[in-house]
Number of protein chains: 2
Amino acid sequence: MGVRAGIVVTGTEVLTGRVSDRNGPWVSERLGELGIEVSHITCVGDRPGDLASALRFLEGDGVDLIVTTGGLGPTADDLTAAVVGEFAGAEMELDTAMEAKIARIVAEFARRFRLDPEGVREGTRKQAMVPVGGVPIDPQGTAPGIAMAIRDLVAIVLPGPPRELQGMWPRALATTPVEHLLTRAEPYLSESIRMFNLAESTLAKTLREIEQRVDLTAIEVTTCLRGGSELEIDLRFRASETAQAAALVDGLRDAHAKHIYSDAGESIDQVVAEGLLGAAATIAVAESCTGGLLAARLTNRPGSSRYFHGGVVAYSNAAKQSLLGVPAELIAAHGAVSPQVAEAMADGAIKRFGTTIGVGLTGVAGPDGGSEGKPIGYVCLCAKDSAGRVVARDPEIPGARNDIRDRSVAAALHLVRRLLADDGTAAPF
Amino acid sequence: MGVRAGIVVTGTEVLTGRVSDRNGPWVSERLGELGIEVSHITCVGDRPGDLASALRFLEGDGVDLIVTTGGLGPTADDLTAAVVGEFAGAEMELDTAMEAKIARIVAEFARRFRLDPEGVREGTRKQAMVPVGGVPIDPQGTAPGIAMAIRDLVAIVLPGPPRELQGMWPRALATTPVEHLLTRAEPYLSESIRMFNLAESTLAKTLREIEQRVDLTAIEVTTCLRGGSELEIDLRFRASETAQAAALVDGLRDAHAKHIYSDAGESIDQVVAEGLLGAAATIAVAESCTGGLLAARLTNRPGSSRYFHGGVVAYSNAAKQSLLGVPAELIAAHGAVSPQVAEAMADGAIKRFGTTIGVGLTGVAGPDGGSEGKPIGYVCLCAKDSAGRVVARDPEIPGARNDIRDRSVAAALHLVRRLLADDGTAAPF
């Protein structure tokens, strides 16, 4: 008898497709970790009738928990608290302590933006209205949440801005009604393995083979192919299935060790960052068709200045020559998109930035510029270190311009990982 | 009496939050354009019971149209067609023409990946099963869709991969049951205005003022703040409200002309690209804290090589000096993050890449590195042309590392727009 939940996301911008919903997936992941099975995520607009019908539907469907997001702002069209109150059959009452708390939070804001004091007072009062029997949850921004037992279920009511919602989540879990519900949920354990450049069909075959020896029926296996080349395999299981899950992980490791770049859920970005730090290496990049994306990805992490020195985006041949020292004859002989030029770009990056590792990347991202020998998607990648060790590839990457750019960056990161690993376990390309 | 719709997105990856749903918002936008009001978007997993209950809920809620996405694959856990058939009370029957069509599509694929022929035949047969009374929709990939009148509503059943779904959408609209339904919907007209650096509260005030003279009650106005600085105002209205909508647009233009960078929905990227092409200008960038994001954004568009020559990501001071020619004394005197260094970086970009425009961008993205005079979020931006004209700003940008990086890039693009416009209408910064 597990705990089942439904999530109701409110907001016309989400419903009309203008803004993509970040709260439903986030709450769903958190509930999954707690061992709560989510049956529905429903988006509704700002019409109270649609929210009410979603709540009634979920109750009729027998869920034990409803989490709502959004609709807790100070204006009249933010109606979630009132609709939940009506759903519970409870009067709304003013929580004066909460009113004072919100007033303190908005005071500074109201002063800075010279907001109308009467409007601010009204909005504050509205946000401090709680259904009788509901437990208020302290706000992260200005909107408090509510946790409330309603007949056979518990409702958690949270605001829409993702940072506010996420900040308030631990407080929501600590309220009495939710704590009580959580005693009935058995948290899942999980394992995560990430592979590079393994076909899904090959993985499926391996899973079938493992299934011959290990009972996997109670293990939830999700595979997800990201960016065309990274295969994420996530296992979710109860504690009683720990041995089977371990056998499955071992089986995957035996079959595909060379493809695995992470077995604790780390991204390739994290693996490369840690590899560079661990090797006390420094890196610079020279890129053409990715136009700065590789440098941007490497500098995305805080503290990346410890290993990243810089990059050159050399779109024109002149820039390849003057900024990276790629010989004009090399370009004339092999073309700007060639393994030779990619390696010369890596050399140039090392030399110009004085790093221990350089990456060169040149390719045809399209939609124009493809030729017979070098079609759209043809990308030359080279990772090189100052000792002269080289890992290079020139794949034809499928997809549209953006796919080609993104996948080229991912491929470059995996190349750097391989250069750093140099231990025979590196992923084949 | 408009047409109301519900959307049901199936897929455990979406429900568990692993993958974000791209289909619900896309379908919702398309329906909105057709004048169909979406009341709910519901995500369910691969459990047939949850899909069936979502269908029953929407029917009970009185929708005229249900669009489902996903669950049409060849494997046994893809159950949408069968569940919709059961919901309709219709037997499933094999569409032999469709079976032959799918077999032709998968033949090449099966050969390349040496798939088991028996399994392929089974999967193909499964995908060609259509509820009696349903109209099959030709596949974009291998999965056909279904359009079907069911009691008082119409169901459109489409596959999950966004490209397949989007490719099949026009064919779904052209089926008899959907065409018939669409005669009852009155399409909306729309207007879109985009502004830079205008406070939402100021816009709200202007809207209130316009409301004194123009009846806006029948115009749906959605405002959306993107990246902290770009305010998108979208109007949706029936043909009968055209005059009021035009008056609203005029009112916004009168009040905020200097903030408007687009009045036909173009992105700032598009405005800058067209501005550069129109002026026959070329551009190079020199960036520090954005680490390549500005170059990546400028090269995101096909054909950007016509104006973009290249960029330098100069993270270290040494790189700023050697690759961009920023004088060491300038860095020593003012610091690496200073308006002076930003301008010297713009100069360096122009000189090294031989362009007519250069952009310099240096800042503190955090989470470390902030100081009293130069806190985290302090960013110096400079757009300069080879004639010596300069547009420069050094705002303090709020948010976390990623926000600061993204907003710096947006600010740089708006700076370039301003340099290009030079007509007095440019947005204040």
Next on the checklist: Please count how many residues of segment A:370-386 are without any contact (Cβ under 8 Å) to a residue 24 or more places away in the chain, open to solvent by 60 Å² or more (accessible area, probe 1.4 Å) and of a type outside the set (D, E, K, R).
Outcome noted: 2
Item to check | Residue list for segment A:351-369, restricted to those being surrounded by fewer than 17 Cβ atoms within 10 Å (Cβ to Cβ) and touching a residue at least 12 places away in the same chain (Cβ under 8 Å) | outcome: A:LYS351, A:GLY354, A:PRO367
Checklist outcome for this item: Residue count, segment A:208-217, condition outside any helix (DSSP H, G or I) and more than 27 Å from A:SER267 (Cα to Cα), comes to 3
Checklist entry - So which residues in segment B:339-397 are aliphatic (A, V, I, L, M) and either within 14 Å of another protein chain (Cβ to nearest Cβ) or touching a His at 6+ places or on another chain (Cβ under 7 Å) (or both), if there are any at all? => result B:VAL341, B:MET345, B:ALA349, B:ILE350, B:VAL359, B:LEU361, B:VAL364, B:ALA365, B:ILE376
Next on the checklist: charged (D, E, K, R), under 30 Å from B:GLY71 (Cβ atoms) and open to solvent by 70 Å² or more (accessible area, probe 1.4 Å): is that true of B:ARG213 in this structure?
Outcome noted: no
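Do we have A:ARG405 as in a helix (DSSP H, G or I), touching a residue at least 24 places away in the same chain (Cβ under 8 Å) and open to solvent by 40 Å² or more (accessible area, probe 1.4 Å) here?
On the way: in a helix (DSSP H, G or I): yes; touching a residue at least 24 places away in the same chain (Cβ under 8 Å): yes; open to solvent by 40 Å² or more (accessible area, probe 1.4 Å): no.
No; evaluated as a whole, the condition is false for this residue.
Look at segment B:75-105 and say how many of its residues are farther than 29 Å from B:HIS40 by Cβ and open to solvent by 20 Å² or more (accessible area, probe 1.4 Å).
To start, the set of residues in segment B:75-105 that are farther than 29 Å from B:HIS40 by Cβ comprises B:93-105.
Going one step further and asking which of them are open to solvent by 20 Å² or more (accessible area, probe 1.4 Å), we end up with B:93-97, B:99-101, B:103-105.
Result for segment B:75-105: 11.
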Checklist entry - Do you know which of the residues in segment A:25-59 that are open to solvent by 40 Å² or more (accessible area, probe 1.4 Å), farther than 22 Å from A:GLU86 by Cα and not aromatic (Phe, Trp, Tyr) is modelled with the lowest pLDDT? => result A:GLU33
Next on the checklist: Tell me yes or no: at least one residue of segment A:172-179 is touching a residue at least 40 places away in the same chain (Cβ under 8 Å), within 14 Å of chain B (Cβ to nearest Cβ) and buried (at least 19 other Cβ atoms within 10 Å of the Cβ).
Outcome noted: no
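Take segment A:216-230 and flag every residue that is modelled with pLDDT of 90 or more and within 21 Å of B:ASP46 (Cβ to Cβ).
Scanning segment A:216-230 gives A:LEU216, A:THR217, A:ALA218, A:ILE219.
Tell me, yes or no, whether segment A:113-125 has at least one residue that is touching a strand residue (DSSP E or B) at 6+ places or on another chain (Cβ under 8 Å) and open to solvent by 70 Å² or more (accessible area, probe 1.4 Å).
The initial filter retains those residues of segment A:113-125 that are touching a strand residue (DSSP E or B) at 6+ places or on another chain (Cβ under 8 Å), namely A:125.
Add one more test, that the residue is open to solvent by 70 Å² or more (accessible area, probe 1.4 Å), and what stays is A:125.
The answer is yes; a qualifying residue exists.
So is B:GLY348 open to solvent by 10 Å² or more (accessible area, probe 1.4 Å) and more than 22 Å from B:ASP269 (Cβ to Cβ) or not? Let's see the steps before the verdict.
On the way: open to solvent by 10 Å² or more (accessible area, probe 1.4 Å): no; more than 22 Å from B:ASP269 (Cβ to Cβ): yes.
When the stated conditions are applied, B:GLY348 does not pass them.
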Checklist outcome for this item: Within segment B:1-24, the count of residues that are open to solvent by less than 50 Å² (accessible area, probe 1.4 Å) and part of a strand (DSSP E or B) comes to 7
Checklist outcome for this item: Within segment A:302-338, restricting to residues that are more than 9 Å from chain B (Cβ to nearest Cβ) and open to solvent by 60 Å² or more (accessible area, probe 1.4 Å), the one that is farthest from B:SER305 (Cα to Cα) is A:ARG306
Next on the checklist: Every residue in segment A:361-378 that is in contact with a Pro (Cβ under 6 Å, 6 or more places away or on another chain) and assigned to a strand (DSSP E or B), please.
Outcome noted: none
Next on the checklist: Test of understanding: among A:GLY291, A:GLY303, A:GLY358, A:GLY348, which residue is assigned by TED's automatic domain parsing to the domain that holds A:ARG393, out of contact with any Pro (no Cβ under 8 Å at 6 or more places or on another chain), on the phi > 0 side of the Ramachandran plot and at pLDDT 95 or above?
Outcome noted: A:GLY291
Checklist outcome for this item: All conditions in (1) free of Cβ contacts under 8 Å to residues at least 24 places away in the same chain; (2) charged (D, E, K, R); (3) open to solvent by less than 30 Å² (accessible area, probe 1.4 Å) are true of A:ASP64 except (1)
Checklist entry - So how many residues does segment A:1-30 have that are aliphatic (A, V, I, L, M) and at the interface with chain B (Cβ under 9 Å from one of its Cβ atoms)? => result 6
Checklist entry - In segment A:254-276, what residues are in contact (Cβ under 8 Å) with a residue 60 or more places away in the chain, open to solvent by 40 Å² or more (accessible area, probe 1.4 Å) and within 18 Å of A:LEU203 (Cβ to Cβ)? => result A:ALA257, A:LYS258, A:ASP263
Next on the checklist: Suppose we filter segment A:277-297 for residues that are open to solvent by 10 Å² or more (accessible area, probe 1.4 Å), without any contact (Cβ under 8 Å) to a residue 40 or more places away in the chain and within 8 Å of chain B (Cβ to nearest Cβ); how many remain?
Outcome noted: 0
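The values are calculated or read from the model by the stated rules, or taken from the named source; none is laboratory data. It should be emphasised that the depicted structure is a prediction, and the values quoted were computed from it without experimental measurement. Glycine gets a Cβ as well: all are built from the backbone with ideal geometry, and neighbour counts include every protein chain shown. Accessible surface areas use protein heavy atoms only, side chains included; no ligands, DNA or RNA. Shrake-Rupley method; radii C 1.70, N 1.55, O 1.52, S 1.80 Å.
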